[in-house]
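Q: Sharing a structure here in structure tokens format.
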Amino acid sequence: MAAELRITIIGAGNLGTALAVSLRRAGYVIESVVAHSRGASFKKAQKLAKQVGAVAAVGLPAALRSDVIWLCVPDGEIARAARALAGKIEWKGKVALHSSGALTSDELSALRRRGAKVASVHPLMTFVRDARPSLAGVPFAMEGDAAAVRVARRIVNDLAGYDYPIRKKDKAAYHAWGAFASPLFTALLATAEQVAAHAGMTQKDARRRMIPILLQTLANYASFGAAGAFSGPIVRGDVDTVERHLRVLGDVPNAREVYSALAHAALRYLPAKRRRDLANALRR
């Protein structure tokens, strides 16, 4: 399949870069890396194009031969970009994809009207500057035109990821779930660093010292699920310790609110003793 398809990547940000590199490693020809304008975005496109043996361009080349055009632009720009690209090339016979987790394939309706088959193809993975995560084993949620989904499915399989269907109406909840798994989890870690500072640690020391318990917690979650991985004073019903936590966290901005919200969630979803007493302590 890789030898049969040529791909153009629109947008050389964190996602576009990781995707283009993974596609090239899987044997795909990356024809073009497209920036929306000259300047910083074009410099990024040039850098990525050099990595993957592609040509950097501003806008779609008129003689584009790619079978797949993959939009890796911010969510708010997908529909606008689709409208801007609609009249640039002949879209019949081409597949257009975007990778928003929150938005549906209908963001590409301007290209669909021009004859393209379109789909949303979202990898449940975090992409940050200077990190190039492997897409092997990563789940990709897909919805859209059947022909586009078939092509996307074969590409994902070549990347050693796996695909599954998602309904359009479920995408907002799906993306919120992903927010809990990574960016909001990172916010929790940032809050934990502030609590560690209140205990006399530097941010660097806090991060280093948290890594073993974080890794073991994730390992426990993977093996035993949330209930089996849950430990600490709530599962034991240790009201006195929870009250001590709440008192000291009052001196750390926002930390008490975060703790209380998560403790309430634990009382609802996870095993705990003395639930009523713990709930009363959290309300005080």
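The values are calculated or read from the model by the stated rules, or taken from the named source; none is laboratory data. Only a predicted model underlies this, so the values are computations on that prediction, with no experimental measurement involved. Because the Cβ atoms are built from the backbone with ideal geometry, glycine has one as well, and the counts that use them run over all protein chains shown.
Q: Please find, within the range 243-256, the residue that is surrounded by the fewest Cβ atoms within 10 Å (Cβ to Cβ) out of those that are in contact with a His (Cβ under 9 Å, 6 or more places away or on another chain) and outside any helix (DSSP H, G or I).
A: My answer is 251.
Q: Let me ask something else about it. Tell me which of these residue 108 doesn't satisfy, since it passes every other one: (1) assigned to a loop (DSSP other than H, G, I, E, B); (2) surrounded by 21 or more Cβ atoms within 10 Å (Cβ to Cβ); (3) of a type in the set (A, V, I, L, M, F, W, C).
A: That leaves (1) as the condition not met.
Q: Okay, next question. Just to verify a result, which residue in the range 257-276, among those that are surrounded by 13 or more Cβ atoms within 10 Å (Cβ to Cβ) and small (Gly, Ala, Ser), is farthest from residue 195 (Cα to Cα)?
A: Among those that are surrounded by 13 or more Cβ atoms within 10 Å (Cβ to Cβ) and small (Gly, Ala, Ser), it is 272.
Q: Any residue in the range 192-208 that is in contact with a Gly (Cβ under 7 Å, 6 or more places away or on another chain) and outside the structural domain of residue 108 (by TED's automatic domain parsing)?
A: No: the range 192-208 contains no residue that is in contact with a Gly (Cβ under 7 Å, 6 or more places away or on another chain) and outside the structural domain of residue 108 (by TED's automatic domain parsing).
Q: Just one of 108, 188 is in the same structural domain as residue 73 (by TED's automatic domain parsing) and out of contact with any Cys (no Cβ under 8 Å at 6 or more places or on another chain); which is it? Before the answer, list the steps.
A: On the way: 188 fails: in the same structural domain as residue 73 (by TED's automatic domain parsing).
The unique qualifying residue is 108.
Q: Here is a follow-up. Select from the range 70-84 the residues that are surrounded by fewer than 21 Cβ atoms within 10 Å (Cβ to Cβ) and assigned to a helix (DSSP H, G or I) and list them in ascending order.
A: Result: 75, 76, 77, 79, 80, 83, 84.
Q: From the set of residues in the range 19-35 that are among the aliphatic types (A, V, I, L, M) and surrounded by fewer than 22 Cβ atoms within 10 Å (Cβ to Cβ), which is nearest to residue 65 (Cα to Cα)?
A: Step by step, filter the range 19-35, then rank; the result is 29.
Q: Okay, moving on. Which residues, counting only those in the range 224-242, are part of a helix (DSSP H, G or I), free of Cβ contacts under 8 Å to residues at least 40 places away in the same chain, within 33 Å of the chain's Cα centre (by Cα) and more than 15 Å from residue 279 (Cβ to Cβ)?
A: Hits for the range 224-242 are 224, 225, 228, 229.
Q: Just to be sure, is residue 256 in contact with a helix residue (DSSP H, G or I) (Cβ under 7 Å, 6 or more places away or on another chain), within 19 Å of residue 191 (Cα to Cα) and without any contact (Cβ under 8 Å) to a residue 12 or more places away in the chain? Quick ask: steps written out before the conclusion?
A: Details: in contact with a helix residue (DSSP H, G or I) (Cβ under 7 Å, 6 or more places away or on another chain): yes; within 19 Å of residue 191 (Cα to Cα): yes; without any contact (Cβ under 8 Å) to a residue 12 or more places away in the chain: yes.
Yes: the conditions hold for residue 256.
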